Structures are given as C-alpha cells and as structure tokens.
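Undergrad: There's a structure below that I have some questions on.
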Amino acid sequence: MAPHPRKIIIDTDPGQDDAVAILLALASPELDVLGITTVAGNVPLALTARNARVVCELAGRPDVPVFAGCDAPMQRPLVTAEHVHGKTGLDGIDLPAPKMPLQDIHAVEFLVETLRAEPAGAVTLCPLGPLTNIATALARAPDIAPKIAEIVLMGGAYFEVGNITPAAEFNIFVDPEAADIVFRSGINLVVVPLDVTHKALTTRPRVEAFRTLGTPVGHAVAGWTDFFERFDMAKYGSQGAPLHDPCVIAYLLDPGLFTGRHVNVMIETRGAFTTGMTVADWWRVSGREPNAMFLGDVEAEGFYRLLTDRIGRL
Ligand code: RIB
Ligand code: CA
C-alpha cells in the first residue's frame with residue numbers, strides 16, 4: 001500500500017530556481033502540494049505571485065491554489081535580485097501570462113487556517129525565499145507550530161559564506177528578523193544552505209539533458225537555467241550555477257542524497273557587516289541547544305538524475 005503523499009506548502013519568490021523546485025514538487029506523487037504561498041524576494045510580490053501561476057500552468061496544474069503574501073520584510077525595506085533573475089524574475093524563456101486566478105485570501109491567512117485545520121505534525125513547510133510569510137504566520141498564530149512536521153528551507157550559508165553580502169545568503173539577508181523568529185520557533189528545521197547548493201551546479205550536459213527531454217517543461221527549465229547561470233558563472237568563474245531551491249524538494253524525495261549535522265544556528269540581526277548571517281555552531285562550541293539539521297553536502301549526480309527524471313514526467 002503506497003504511503004499517503006506528504007502534505008507540503010511551498011513558500012516562494014520565483015525566481016528561476018524556485019520555478020524548477022515547484023515543477024519538481026508537482027511532478028512527484030510522493031508530495032501533496034496543499035498550496036503555494038508567494039512572498040516578495042527575488043522580484044516584487046506582484047511578479048512572484050504572477051510567476052508562481054505561470055509555473056503551475058506550465059506544469060498543467062492550474063488547480064493548485066496560489067496565494068499572494070507579504071510584499072515587504074517585517075522591519076526592513078525590500079531588497080530584490082533582478083540582477084540575478086532578470087526584470088520578470090523568470091527571464092530566459094517567454095511564457096504566456098497566467099489565466100488561473102490568485103486566491104482571494106492573503107498567504108498568511110491561508111497558512112494559519114490550513115495548519116489549524118490539520119492534525120499535529122501533518123504539514124511540511126518548504127520556504128524557498130525570504131521567511132516573511134512564515135514568521136508572520138507564527139507571530140500571529142503561535143498555535144500553528146505543533147501542526148508543522150518540519151520546515152525544510154533554502155537559506156543561509158556557513159563554510160560557503162554569503163552571496164548577497166560577504167556574510168549573508170539572500171533569503172536570510174532580505175528578512176533577518178523573520179528568519180530569527182523561525183530559527184527560534186522550536187519547530188524541526190532542515191536548512192539547505194549555499195554550502196549544499198553550491199555543490200549542485202548546472203553543467204552543459206545537465207542543462208542539455210533538460211532540453212533533450214523535448215517537452216515544453218524541459219525547454220523552459222533549460223531556458224531558465226541558461227539565463228540564471230550567466231550571473232553566477234561570471235561571479236564565481238564556475239562552469240555552472242547552483243540550482244538552489246530544487247534541493248529542498250529533492251531532500252523531501254530522497255534525503256539520502258544529502259548529509260549534514262544537527263547543530264545550533266542563530267541569525268545575526270544587528271551586525272554592522274554580518275546582518276543576515278546564519279551563525280552555525282558546526283563544532284558545537286557555543287553550548288547552545290541544536291535547533292536545526294544544517295546540511296553540508298549533496299550527491300550532485302544523484303540530485304540531477306532525480307530532477308531530470310521527474311521534470312521529464314511533466
Ligand atoms: O540565495 C539563493 C536564494 O535566493 C534562492 O532561493 C534564490 O531563488 C533566491 O531566492
Ligand atoms: Ca527562491
């Protein structure tokens with residue numbers, strides 16, 4: 001008897017890599033995507049809310065409810081990343097404007113209402129962008145915490161250092177106060193940092209494997225990746241770019257592809273040069289209680305095999 005699909009909510013700021021993560025989730029019968037909540041991050045909210053629906057329609061899934069969430073961080077002005085993702089956030093291939101509507105209620109209301117209606121430990125949250133929606137929901141309705149089985153998020157960096165400042169990774173940097181709420185929540189956390197995603201680099205064969213699927217989805221993923229990687233290749237001088245967000249979904253599907261350590265991770269919110277840093281106590285010297293499984297490595301070939309196989313199913 002096949003196990004019940006795992007209930008997840010994807011919180012996202014598409015972004016080409018977010019888009020690939022959403023496709024991977026929708027292509028995987030092991031997962032039941034209860035909804036997609038969008039947040040301002042890579043590009044402003046109006047675009048992330050649009051892009052999430054573009055991706056659902058590309059996957060043939062206009063039935064998936066998409067919600068617009070917070071349009072700015074909890075206490076700071078929004079910082080976006082058009083320099084990486086392009087003006088639309090999904091540069092790299094032109095796709096039609098979405099026909100499916102946005103849901104009427106705010107993403108935070110959806111998170112709270114959905115979690116309140118579920119039994120304890122029923123839902124996994126998969127944040128792929130700044131943690132503003134998640135933290136706002138937890139602050140507004142602390143009673144939802146026991147309903148969350150775990151939060152598997154893309155964010156942070158330790159040995160790999162930052163990508164938006166020398167110390168901070170973008171998702172955490174955009175809303176460090178939100179990240180601080182999530183990391184202090186006591187909810188089971190799995191952190192997929194740059195330490196992992198920078199080992200999941202695209203390469204020409206890997207991108208061509210998407211293109212030779214010969215499907216509209218494969219063509220879109222190849223086009224997005226071609227666009228998305230130009231910035232990182234120029235910046236790092238690497239032969240490819242990190243496909244960050246799909247690593248979160250791949251972890252749900254095959255955690256054995258990843259390794260990490262259960263350690264204490266705190267968020268710097270006051271540093272002159274280090275705000276947004278995930279201070280991972282990798283060597284356990286702080287005496288602070290471990291609060292997160294902080295991943296450190298991924299089996300890249302296995303990750304791309306899984307990703308390409310699943311994308312090929314759409
Ligand atoms: O730093 C990488 C993260 O920031 C990814 O989630 C990417 O989509 C951007 O949101
Ligand atoms: Ca993202």
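Undergrad: Determine whether H83 is on the phi < 0 side of the Ramachandran plot and surrounded by 16 or more Cβ atoms within 10 Å (Cβ to Cβ). Please lay out each step first, then the result.
TA: Numbers: on the phi < 0 side of the Ramachandran plot: yes; surrounded by 16 or more Cβ atoms within 10 Å (Cβ to Cβ): no.
Spelling it out, it is not the case that H83 is on the phi < 0 side of the Ramachandran plot and surrounded by 16 or more Cβ atoms within 10 Å (Cβ to Cβ).
Undergrad: For R284, only one of the following conditions fails: (1) farther than 14 Å from G156 by Cβ; (2) charged (D, E, K, R); (3) in contact (Cβ under 8 Å) with a residue 40 or more places away in the chain. What is its number?
TA: Failed condition: (3).
Undergrad: Being out of contact with any Phe, Trp or Tyr (no Cβ under 9 Å at 6 or more places or on another chain), closer than 16 Å to G41 by Cβ and either modelled with pLDDT of 95 or more or within 16 Å of ligand 2 (Cβ to nearest atom) (or both) narrows it down to one residue among F173, F183; which is it? Can you show your working first?
TA: Values: F183 fails: closer than 16 Å to G41 by Cβ.
Result of the check over F173, F183: F173.
Undergrad: Name the one entry in V39, V33, V66, V55 that is away from ligand 1 (no atom under 16 Å from the Cβ), surrounded by 24 or more Cβ atoms within 10 Å (Cβ to Cβ) and at pLDDT 95 or above. Outline the logic, then answer.
TA: Values: V39 fails: away from ligand 1 (no atom under 16 Å from the Cβ); V33 fails: surrounded by 24 or more Cβ atoms within 10 Å (Cβ to Cβ); V55 fails: away from ligand 1 (no atom under 16 Å from the Cβ).
Only one candidate qualifies: V66.
Undergrad: Of the residues A157, A97, only one is under 23 Å from A21 (Cα atoms), of a type outside the set (D, E) and surrounded by fewer than 18 Cβ atoms within 10 Å (Cβ to Cβ); which?
TA: Numbers: A157 fails: surrounded by fewer than 18 Cβ atoms within 10 Å (Cβ to Cβ).
That would be A97, the only listed residue that is under 23 Å from A21 (Cα atoms), of a type outside the set (D, E) and surrounded by fewer than 18 Cβ atoms within 10 Å (Cβ to Cβ).
Undergrad: Additional query: Grab the helices (runs of 4 or more DSSP H) fully contained in the range 50-143, keeping just those with 1 or more residues being out of contact with any helix residue (DSSP H, G or I) (no Cβ under 9 Å at 6 or more places or on another chain) and away from ligand 2 (no atom under 16 Å from the Cβ). First the steps, then the outcome.
TA: On the way: elements: 82-85, 107-117, 132-140.
Ranges flagged: 107-117.
Undergrad: Okay, next question. From the set of residues in the range 161-181 that are part of a loop (DSSP other than H, G, I, E, B) and more than 8 Å from ligand 1 (Cβ to nearest atom), which is surrounded by the fewest Cβ atoms within 10 Å (Cβ to Cβ)? Explain how you work it out, then say what you get.
TA: Here is the first cut: in the range 161-181, the ones part of a loop (DSSP other than H, G, I, E, B) are 161-169, 175.
Now narrow it down to the ones that are more than 8 Å from ligand 1 (Cβ to nearest atom): 161-162, 165-168, 175.
Working: V161: 15, G162: 20, T165: 16, P166: 10, A167: 19, A168: 27, D175: 33.
For the range 161-181, the residue satisfying everything is P166.
Undergrad: Okay, next question. Looking only at the range 220-242, which residues are crowded, with 16+ Cβ neighbours inside 10 Å and more than 16 Å from ligand 2 (Cβ to nearest atom)?
TA: Let us first name the residues in the range 220-242 that are crowded, with 16+ Cβ neighbours inside 10 Å, namely 220-229, 232, 240-242.
A220, A222, G223, D226, G240 - these are the residues of the range 220-242 that are crowded, with 16+ Cβ neighbours inside 10 Å and more than 16 Å from ligand 2 (Cβ to nearest atom).
Undergrad: Also, I was wondering about something else. Please verify whether T114 is out of contact with any Gly (no Cβ under 6 Å at 6 or more places or on another chain), surrounded by fewer than 20 Cβ atoms within 10 Å (Cβ to Cβ) and touching a residue at least 12 places away in the same chain (Cβ under 8 Å), treating the condition exactly as stated.
TA: Values: out of contact with any Gly (no Cβ under 6 Å at 6 or more places or on another chain): yes; surrounded by fewer than 20 Cβ atoms within 10 Å (Cβ to Cβ): no; touching a residue at least 12 places away in the same chain (Cβ under 8 Å): yes.
Considered against the rule, which asks whether it is out of contact with any Gly (no Cβ under 6 Å at 6 or more places or on another chain), surrounded by fewer than 20 Cβ atoms within 10 Å (Cβ to Cβ) and touching a residue at least 12 places away in the same chain (Cβ under 8 Å), T114 comes out as no.
The values are calculated or read from the model by the stated rules, or taken from the named source; none is laboratory data. Please read these numbers as outputs of a predicted model, since none were measured by experiment. Quick reminder, even Gly has a Cβ in these numbers, built from the backbone with ideal geometry, and neighbours come from all protein chains shown.
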